[in-house]
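Structure, as structure tokens:
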Amino acid sequence: MHAIAKELNAQLEGTVVMDLLSDFGKRIYFPRGIISQSMEAKGKAYRLTATVGIAMKGTEPLYLPSIYRDFSGVSPSEVFPYASTAGDAKLRSVWKQEMIRKNPDLEGADISSPMVCSGLTHGICITGDMFLDPGDVILVPDMFWGNYRLIFEERRQAALTTFRFYTPEKDGMDIQALDDAIAKTPGPKAAVILNFPNNPSGYSPTEEEAEQLVQMLVSHAQKGKKLLVIMDDAYFGLFYEPGTYTQSLFAPLANIHENILAVKVDGATKEELVWGFRIGFLTFGCKGMTAPQYDALQKKAMGTLRSSISNSSRPAQSLLLKGLESKTYHQEKQAAFDLLKERYDKVKEILNAHRNDENLLPLPFNSGYFMSFACRGDAEKLRVYLLDAYGVGTIAIGSDYLRIAFSSVDLEQLEELYTLIYQAAGELWS
């Protein structure tokens, strides 16, 4: 094991992090090489610097005018040089301020500084690399984003184990199923990933369910279970119903118990409507961790990032920062939310009109981009039939569920969309 990795591990000794790290997580480190030497030179090389492998012309990067001409409001230095491994320092600070504004329970909490990664998927991937060994169990709801299989099962060779997401009896989340799954996880530790608003169901916990979830996780921690709780907050903020819990579960979990390491993976992708920017953030929280310990953990995360993509997009970070600092930012965010809420309300209205349909049962949803039907027949057959017979694209989740992204359909077209879906299901199964 490299000496720097040993140093970082020594700093983390005595925290739950050391109990949770994978073999890779224990071995990874951020080297004192080109990147750290270049950072040191920025502060001391007042005469000349010949460190980073980029081309310069005077004090600005050398660039092609034909590429730069389509950028507006950003300087060449905000577009062309490499970004820092952990991301633009000002962007990280602004994102943390916004995170606390949206999650007021984080005010005053000791958490790490958000680290920039190349999209939310990359943040989950970094977390998997750092904390999951082959054979480790990762608990996911049975309604889950299919990419989890590639990340956890194929990349990390972990055992992806599902628990029942819904309780049909109360039309809400089955917290007992997760409770039981954690209790059955062998060994002294357990890992779970929670995605709210959920993809593919569009469900987020109520305030009561969120409180029950937190209490349940703490009860396991109090019994000695070491818990890695990953919050996939891809669709965070899109909560449409009163009584829905509107903070990330990271907020109450970040400083609640020494045996719980909370990891918030979020990003600009959906929150700021910049899907192609591929800018995500990775933040850690654990009760009792000190600033030096967070620094050690982040250096391991930086080593994981450095060894995979080196750093995230500089122009995307610069453009995002300018947007977040715009005077009209919050007004524009509200307008986008209102548009999606209007579509959500319309879908609810349409579903209510079809409430007696026996072919398609809408699953509970209250947030996000999606809703899903439990299908009377084969969902994949319905998907193909809709595509071939009516030119309508949907997503089949196995053979049981059909996912509809109402976020991608204009308000005036939703009636037609759902009419065709119900009609196609009737033609197949009535």
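Could you count how many residues in the range 400-418 are without any contact (Cβ under 8 Å) to a residue 24 or more places away in the chain and of a type in the set (S, T, N, Q)?
Residues meeting the conditions: 1.
Going by the structure shown, is residue 271 assigned by TED's automatic domain parsing to the domain that holds residue 116 and within 30 Å of residue 349 (Cβ to Cβ)? Break it down stepwise before answering.
On the way: assigned by TED's automatic domain parsing to the domain that holds residue 116: yes; within 30 Å of residue 349 (Cβ to Cβ): yes.
Criteria met by residue 271.
Every residue in the range 119-132 that is closer than 10 Å to residue 312 by Cβ and assigned to a helix (DSSP H, G or I), please.
To start, the set of residues in the range 119-132 that are closer than 10 Å to residue 312 by Cβ comprises 119, 122.
Passing the criteria: only 122.
Say whether the condition of being part of a helix (DSSP H, G or I), free of Cβ contacts under 8 Å to residues at least 12 places away in the same chain, of a type outside the set (D, E, K, R) and surrounded by fewer than 21 Cβ atoms within 10 Å (Cβ to Cβ) is met by at least one residue in the range 143-151. Let's see the steps before the verdict.
At the first step, the residues of the range 143-151 found to be part of a helix (DSSP H, G or I) are 147-151.
If we keep only those that are free of Cβ contacts under 8 Å to residues at least 12 places away in the same chain too, we end up with 149-150.
Imposing the further condition that a residue be of a type outside the set (D, E, K, R) reduces the set to 150.
Checking the rest, the ones that are also surrounded by fewer than 21 Cβ atoms within 10 Å (Cβ to Cβ) come to 150.
Yes; the residues of the range 143-151 include at least one that is part of a helix (DSSP H, G or I), free of Cβ contacts under 8 Å to residues at least 12 places away in the same chain, of a type outside the set (D, E, K, R) and surrounded by fewer than 21 Cβ atoms within 10 Å (Cβ to Cβ).
Can you find even one residue in the range 139-159 that is within 28 Å of residue 182 (Cα to Cα), among the hydroxyl-bearing types (Ser, Thr, Tyr) and within 15 Å of the chain's Cα centre (by Cα)?
Step one: of the range 139-159, the residues within 28 Å of residue 182 (Cα to Cα) are 139-159.
Subset that is among the hydroxyl-bearing types (Ser, Thr, Tyr): 148.
From what's left, within 15 Å of the chain's Cα centre (by Cα): 148.
Yes, the range 139-159 contains at least one residue that is within 28 Å of residue 182 (Cα to Cα), among the hydroxyl-bearing types (Ser, Thr, Tyr) and within 15 Å of the chain's Cα centre (by Cα).
Being hydrophobic (A, V, I, L, M, F, W, C), part of a loop (DSSP other than H, G, I, E, B) and modelled with pLDDT of 95 or more is the filter here, so list the residues in the range 239-273 that pass it.
Hits for the range 239-273 are 249, 254, 256.
Can you find a residue in the range 304-312 that is farther than 25 Å from residue 61 by Cα and touching a residue at least 40 places away in the same chain (Cβ under 8 Å)? Steps first, please.
Residues of the range 304-312 farther than 25 Å from residue 61 by Cα: 304.
The next check asks that each one be touching a residue at least 40 places away in the same chain (Cβ under 8 Å); those that pass are 304.
Yes: one or more hits.
Mind listing just one residue for me: the one in the range 198-225 that is touching a Gly at 6+ places or on another chain (Cβ under 9 Å) and not in a loop (DSSP other than H, G, I, E, B) and, of those, surrounded by the most Cβ atoms within 10 Å (Cβ to Cβ)?
209
Can you list residue pairs whose Cβ atoms sit under 7 Å apart, with the first residue in the range 278-292 being in the same structural domain as residue 261 (by TED's automatic domain parsing) and the second being of a type in the set (D, E, K, R) and buried (at least 23 other Cβ atoms within 10 Å of the Cβ)? Count only pairs 6 or more apart in sequence or on different chains.
280/266; 281/266; 283/264
Applying the selection to the range 387-425, what residues are under 19 Å from residue 200 (Cα atoms) and among the hydrophobic types (A, V, I, L, M, F, W, C)?
392, 395, 396, 397, 402, 404, 405, 406, 409, 414, 417, 421
If the requirement is being at pLDDT 95 or above and not in a helix (DSSP H, G or I), which of these qualifies: 87, 108, 73?
On the way: 108 fails: at pLDDT 95 or above; 73 fails: at pLDDT 95 or above.
Selected residue: 87, the only one of 87, 108, 73 that is at pLDDT 95 or above and not in a helix (DSSP H, G or I).
Of all residues in the range 92-105, which are surrounded by fewer than 23 Cβ atoms within 10 Å (Cβ to Cβ) and either part of a helix (DSSP H, G or I) or among the charged types (D, E, K, R) (or both)?
Taking the range 92-105 and keeping what is surrounded by fewer than 23 Cβ atoms within 10 Å (Cβ to Cβ), we get 92-94, 96-105.
If the condition is that a residue be surrounded by fewer than 23 Cβ atoms within 10 Å (Cβ to Cβ) and either part of a helix (DSSP H, G or I) or among the charged types (D, E, K, R) (or both), then 92, 93, 94, 96, 97, 98, 99, 100, 101, 102, 104, 105 are the ones that fit.
Residues being within 15 Å of residue 102 (Cα to Cα) and surrounded by fewer than 24 Cβ atoms within 10 Å (Cβ to Cβ): count how many of those fall in the range 250-269.
Of the residues in the range 250-269, 1 are within 15 Å of residue 102 (Cα to Cα) and surrounded by fewer than 24 Cβ atoms within 10 Å (Cβ to Cβ).
Going through the range 217-274 one residue at a time, which ones are among the basic types (Lys, Arg) and touching a residue at least 60 places away in the same chain (Cβ under 8 Å)? Steps first, please.
Residues of the range 217-274 among the basic types (Lys, Arg): 223, 225-226, 264, 270.
Once the filter is applied, which keeps residues that are among the basic types (Lys, Arg) and touching a residue at least 60 places away in the same chain (Cβ under 8 Å), the range 217-274 yields 226, 264, 270.
Quick check, is residue 116 within 21 Å of residue 298 (Cβ to Cβ), in the same structural domain as residue 267 (by TED's automatic domain parsing), in a strand (DSSP E or B) and out of contact with any Asp or Glu (no Cβ under 6 Å at 6 or more places or on another chain)? Even if it seems obvious, please write down each step before you answer.
Working: within 21 Å of residue 298 (Cβ to Cβ): yes; in the same structural domain as residue 267 (by TED's automatic domain parsing): yes; in a strand (DSSP E or B): yes; out of contact with any Asp or Glu (no Cβ under 6 Å at 6 or more places or on another chain): yes.
In short, yes.
Does the range 18-35 contain any residue that is within 30 Å of residue 207 (Cβ to Cβ), touching a helix residue (DSSP H, G or I) at 6+ places or on another chain (Cβ under 9 Å) and at pLDDT 95 or above? Break it down stepwise before answering.
Going through the range 18-35, the residues within 30 Å of residue 207 (Cβ to Cβ) turn out to be 20.
So of that shortlist, the ones also touching a helix residue (DSSP H, G or I) at 6+ places or on another chain (Cβ under 9 Å) come out as 20.
If we keep only those that are at pLDDT 95 or above as well, we get 20.
For the range 18-35, residues within 30 Å of residue 207 (Cβ to Cβ), touching a helix residue (DSSP H, G or I) at 6+ places or on another chain (Cβ under 9 Å) and at pLDDT 95 or above: present.
Condition check ((1) under 15 Å from residue 414 (Cα atoms); (2) among the acidic types (Asp, Glu)) across all residues:
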| site | (1), (2) |
| --- | --- |
| 351 | yes, no |
| 357 | no, yes |
| 360 | no, no |
| 369 | yes, no |
| 375 | no, no |
| 381 | no, no |
| 384 | no, no |
| 389 | no, no |
| 392 | yes, no |
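So residue 177 fits all but one of (1) farther than 30 Å from residue 308 by Cα; (2) modelled with pLDDT of 95 or more; (3) part of a loop (DSSP other than H, G, I, E, B); what number is the exception?
Of (1) farther than 30 Å from residue 308 by Cα; (2) modelled with pLDDT of 95 or more; (3) part of a loop (DSSP other than H, G, I, E, B), only one is false for residue 177: (3).
The values are calculated or read from the model by the stated rules, or taken from the named source; none is laboratory data. Because the structure is a prediction, the values reported are computed rather than measured. A quick note on method: Cβ atoms are made from the backbone with ideal geometry, for glycine too, and the neighbour counts reach across all protein chains shown.
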